[in-house]
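Participant: Got a structure here, written out as structure tokens. Questions coming.
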Amino acid sequence: MRVPLTWLRDYVDIALSPAELAEALTLRGMEVSAIETTGADWSDVIVGRLLAVEQHPNADKLTLASVDVGEGEPLQIVCGATNIAPGQLVPVARVGAVLPGDRRIERSKIRGVPSDGMLCSAAELGLGSDAEGIHILPDGVAVGTPLAELLGEVVLDVDVKPNRGDALSMIGLAREVAAFSGATLREPSVTVAESGEPAADRVSVRIEEPDLCPRFTARYFAEVSNGPSPEWMQRRLLAAGMRPITAVVDVTNYVMHELGQPMHAYDAAAIRGGRIVVRRAREGERLETIDHVQRTLDPRMLVIADEANAIGLAGIMGGASTEVGSATTSVILESAIFHGPTIRNTARRLALRSEASARHEKGIGPDLPRRALDRAARLIVEATGARVAPGIVDNDPDPKPPRTIELELERIERLLGIPLSTDHVAELLRPLGFEADDTGVRMTVTVPGFRLDVIGPADVAEEIARVEGYDRIPARAQQPALPAHRPDPTAARERVRRVLAGLGLDETVTHALIAPADLARTGYPETGEHLVRVANPTASEHSVLRPVMYPSLLGSLRDNARQRRGDAWLFEVGKVYWYHPAEPTPRERRAETAGTGRYESWELGIALLGRGARRSLHAVEEPADVGTVKGIVEALHEALGVPPPVFVAEPEAERHPHRHPGRTAQITDAAGRPYGSLGEVHPRMASGWDLAGRPVDASLSLDYLLALIPETTRVTPVPSAQPIDRDLAVVLERTVPVGELLRITRMAAGPMLADLRLFDAYEGPQVGEGRVSYALALRFQPASAADEKAVEKALNRVRGSLRHHLGAEIR
């Protein structure tokens, strides 16, 4: 916001220099980004007095002026203006002067007569839009005075923050200056004389969207003579960055800058019956705004309309059909409050932000529309001689009760770190419009209606600090109580990464956005409501959030194969996403939600292809298979202290389409709840990803896996006895799962079993058709040497349980 200091001084006395004022405002949250001086580009332009004005001897439309500039002989200047007369004070640009736009004045001959300079119009000086006549200066100014000293203006460019809509006005900033300087705030007069028929007989307002327009006020003016606005008003508007237009329009812009209330004037003769309707735009409705651009509207936008058509964009810009011009004789003046987000969204959609929309977006107090309407009425009467109809048309005339906030002084002292008293707090807040009452235990602060941003004790504390001055609050280290320990949510995932890296796998990090074709290549449907799609993807390859980890992992295997790294053991810790608008499943209740019906959860993916890293110099590693990935999953569980997983045949209804149907398993806990799966990739899918060999993969719900980690870790002392190793050969039907063999062995062996390992499997004529001989290595850890007999009893229990439950033959 551009703030001319001469305008600001109308409302508050300022003893500070512009630089000091800028620093003081910045320290209180009103950052001044620049200090500009209007008239700084006037070089050698001074005040002169016209001594004589005669007809040019060689031109009918030119005059010859004799001008006293206070330096000996008068200057002779040829001029084409007709509004000059002897005795007037005028701005004179002498030979060598420079005007705005880098216009240099030279000595010249005009129709054969020498001219020693130029008499300047307001437009040539950048002081207004009048280019027809010379800018006549007021009497009482010394001849020869530099024009910059008379008409120069210092302008502050103030960055008003989004929460301070009240400060987007001269009065708002003057109130801030008065608060920190101790000066008195002078408010402009809003009294106005009324006469004639009541405004309600000329204007009616119907609001169809009260939520989007909580208040709409209007006045009616007759006998309007809408010429140029007064020169002082034009100068101030130009300094503030506004272009003067006509008196009525200039008054609305002037009051907007003065009080912060956007206003709009309508040519009353163009509004059918004086009936105004505030409604949503109709789909495809067209409106020509006053910048003469046809705009297409939609129901998300709020418009001002008459009984038939839209006549303006609410809070942004009026329509060309009701534009006030020089021929306008009757005016309806609007002063309203509109819903800020609606105004902001409309301005963004139409690329039509304005000074008015900026103020509506930040919010306007409920009492300002009527006050601004009265102020504008007073100025319109002065500028145009209009007659003001009695009364204001107002849809919500009742006063609004002010907001009150209860304060505990001790809490404010803790927040700011300075001692405070109730009297001092009241003294600080009073210049800002707040009222503070001490009830003994608490303070009650009444918030002025224009401060929409102050809603709680912390906001009041900020106001106290601003007026006190941040620079006056001593810096000191706070001594707060140490917060309770908060575990690092990423620590458990990092632990998983370290374990898998220790097992010889390499971590890969891929993009969560994939292409629908990647899903199809992995056997998953590339369409369906379960997918979370990107509304505006940068590329088709990144248009869907992955619902499973497999496409990312198979893509990483393919990239490694293209780089001639056919042996790749990879893992990734990442998120998967899906959409499920119905009642969430148990898994979804644990998942992090990203919106209604949209879910995300952490998953661990593992993909193995070829041989892993050699464990020793002479070791020969076999290519990874299902047993390899099962071993990695089991080792991960063991390293995390999680109960060992149970592998069961994957149900047909839940089978993953990218895997070989006979070489896949579901990972469950001891209670049978699934939380992952593993298996061999189907050869057709591997071929689709350009993978040679037989890749295997696994996926586990990381959230579920980490939830299985016990909160406490049990440790036992180092045993005094040596462990006892025993081997057991068992013959089973080939259809019996190995996992079931291991589970029953562990349960029967009891607590002394420290380790169980399958180290051999044999099929052949010695054991019979359809049967397999498994060799188990059991390690028992007795508490003492006397427990060796207990080990034999445990082995016997294992043999009996295997015979009973699995029909095993013990060899």
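Participant: Cα axis of helix 18-27 to longest principal axis of the chain: angle in degrees, 0 to 90, nearest 10?
Facilitator: It works out to around 30 degrees.
Participant: So, one more: If we count every other residue with Cβ under 12 angstrom of PHE180's Cβ, Lys/Arg +1 and Asp/Glu -1, where does the sum land?
Facilitator: Values: positive: ARG28, ARG175, ARG466, ARG472; negative: GLU20, GLU23, GLU176, GLU463, GLU468, ASP471.
Combined, the nearby Lys, Arg, Asp and Glu give -2.
Participant: Give a residue-ordered list of calculated ³J(HN,Hα) values for the range 335-341 (Karplus: 6.51 cos²θ - 1.76 cosθ + 1.60, θ = phi - 60°; whole Hz; x for Gly, Pro).
Facilitator: Whole-Hz 3J(HN,Hα) from phi for the range 335-341: 9, 9, 10, 10, 5, x, x.
Participant: Run down the lysines and flag those whose C-alpha is under 26 Å from the C-alpha of LYS400, throwing out any fewer than 8 positions away in its chain.
Facilitator: Output for LYS400: LYS161, LYS362.
Participant: Sticking with this one: Can you give the angle from 0 to 90° between the axis of helix 491-502 and the longest principal axis of the chain, with both taken from C-alpha atoms, to the nearest 10?
Facilitator: Computed tilt is about 50 degrees.
Participant: Further question: If you put +1 on each Lys and Arg Cβ and -1 on each Asp and Glu Cβ, how big is the dipole of the range 294-408 around its Cα centre, in Debye rounded to 20?
Facilitator: The dipole magnitude comes to about 400 debye.
Participant: Tell me what the chain gives for mean residue ellipticity at 222 nm when only DSSP H runs of n ≥ 4 count, each as -39,500 (n - 2.57), the sum divided by the residue total, rounded to 500 deg cm²/dmol.
Facilitator: -8000 deg cm²/dmol
Participant: Using a 1.4 Å probe and ignoring any ligands, DNA or RNA, find the accessible area of HIS804 and quote it in Å² to the nearest 10.
Facilitator: Approximately 150 Å² for this residue.
Participant: Tell me the carbon and sulfur percent of the accessible area for the range 391-455, rounded to whole percent, probe radius 1.4 Å.
Facilitator: 50
Participant: Something else now. Taking amide H positions as placed 1.01 Å from N in the peptide plane, with prolines and chain starts having none, which residues 5 or more places from MET301, or on another chain, fall under 5 Å of its amide H?
Facilitator: Under 5 Å from the amide H of MET301 lie the amide H atoms of ALA281, each far enough along the sequence or on another chain.
Participant: So who's got an amide H within less than 5 Å of the one on ARG215, skipping anything under 5 residues away but keeping other chains? H placed 1.01 Å off N, in plane.
Facilitator: The list, which skips near neighbours in sequence, is ILE337.
Participant: Could you give the distance between the Cα centres of the range 131-203 and the range 497-542, to the whole Å?
Facilitator: 61
Participant: Given a 1.4 Å probe and heavy atoms of the protein chains only, how would you sort VAL141, VAL772, largest accessible area at the top?
Facilitator: Result, largest first: VAL141, VAL772.
Participant: I would also like to ask the following. Just the number please: accessible area per residue for the chain, 1.4 Å probe, all protein chains included, in Å². Please report the intermediate quantities before stating the final value.
Facilitator: Numbers: 39820 Å² over 811 residues.
Accessible area per residue: 49 Å².
Participant: Can you run phi through the Karplus equation (6.51, -1.76, 1.60; θ = phi - 60°) for the range 517-528 and list ³J(HN,Hα) in whole Hz, with x for Gly and Pro?
Facilitator: For the range 517-528, the Karplus-derived couplings read 5, 5, 5, 4, 5, 9, x, 9, x, 8, 10, x Hz, x marking Gly and Pro.
Participant: Same structure, new question: Explain nothing, just the number: dipole magnitude of the chain about its Cα centre with +1 on each Lys and Arg Cβ and -1 on each Asp and Glu Cβ, in debye rounded to the nearest 20.
Facilitator: Around 3280 debye, computed over the chain.
Participant: At a threshold of 8 angstrom on Cα-Cα distance, excluding pairs fewer than six apart, so keeping six or more, what relative contact order does the chain reach in percent? Write out the running numbers ahead of the final one.
Facilitator: Values: 1590 pairs, mean separation 65.4, N = 811.
Contact order relative to length: 8 percent.
Participant: For the range 639-649, in order, what is each residue's ³J(HN,Hα) by Karplus, 6.51 cos²θ - 1.76 cosθ + 1.60 with θ = phi - 60°, in whole Hz (x at glycine and Pro)?
Facilitator: So the Karplus estimates, Gly and Pro as x, are 5, 7, x, 8, x, x, x, 10, 9, 10, 4 Hz.
Participant: Please work out the ratio of the alpha-carbon Rg of the range 502-563 to 2.2 N^0.38 Å and round it to two decimals.
Facilitator: 1.21
Participant: Go through 312-322, 263-273 and give me the packing order, highest mean Cβ count within 10 Å leading.
Facilitator: Per-residue mean Cβ counts within 10 Å order the peptides as 312-322, 263-273.
Participant: Report, in cubic angstrom per residue, the convex hull volume of the C-alpha atoms of the range 426-466.
Facilitator: Spelled out: Cα convex hull of the range 426-466, divided by residues, is 71 Å³.
Participant: Which of rounded, prolate or oblate describes the range 665-811 when judged by the alpha-carbon gyration tensor and an a/c cut-off of 1.5?
Facilitator: oblate
Participant: Check ASP116: other-chain or 5+ apart residues with amide H under 5 Å from its amide H, H built from backbone geometry?
Facilitator: Here the answer is GLN76, ILE77, VAL78, since their amide H atoms fall under 5 Å of that of ASP116.
Participant: Excluding ligands and nucleic acids, what accessible area in Å² is computed for SER701 using a 1.4 Å probe, to the nearest 10?
Facilitator: SER701 has an accessible surface of roughly 20 Å² with all protein chains in place.
Participant: As a test of reading the structure, rank ASP453, ASP725 by solvent-accessible area (1.4 Å probe, protein chains only), most first.
Facilitator: ASP725, ASP453
Participant: Turning to a different aspect of this structure: Could you tell me the distance between the Cα centroids of the range 552-580 and the range 231-282, to the nearest Å?
Facilitator: So the two Cα centres are separated by 63 Å.
Participant: Ok, one more. Where does helix 550-562 land angle-wise versus the long Cα axis of the chain, in degrees 0 to 90, nearest 10?
Facilitator: That helix lies at roughly 80 degrees to the long axis.
Participant: Nearest 5 is fine: what % of DSSP beta bridges in the chain come out antiparallel, could you say?
Facilitator: Around 95 percent of the beta bridges assigned by DSSP in the chain are antiparallel ones.
Participant: Using the charge dipole of the chain (Lys, Arg: +1 at Cβ; Asp, Glu: -1 at Cβ; taken about the Cα centre), state which of ALA386, ALA729, GLY133 has its Cα farthest towards the positive end.
Facilitator: ALA729
Participant: Whole Å is fine, so just give me how far the alpha carbon centre of the range 786-800 lies from that of the range 379-408.
Facilitator: Here the answer is 96 Å between Cα centres.
Participant: Moving on. So how exposed is ILE709, as accessible area in Å² (1.4 Å probe, rounded to 10)?
Facilitator: Rounded to the nearest 10, the figure is 40 Å².
Participant: Turning to a different aspect of this structure: Could you point to the label whose value was computed as Rg and Dmax of the Cα atoms in Å for the structure here, given [x] 42.7, 140; [y] 33.6, 108; [z] 27.5, 99?
Facilitator: After the calculation, the listed value that fits is [x].
The values are calculated or read from the model by the stated rules, or taken from the named source; none is laboratory data. These numbers come from a predicted model, not from an experiment. Cβ coordinates were reconstructed from backbone atoms using ideal geometry, including for glycine residues, and neighbour counts include every protein chain displayed. Protein only, heavy atoms only, side chains kept; ligands, DNA and RNA dropped before computing areas. Shrake-Rupley method; radii C 1.70, N 1.55, O 1.52, S 1.80 Å.
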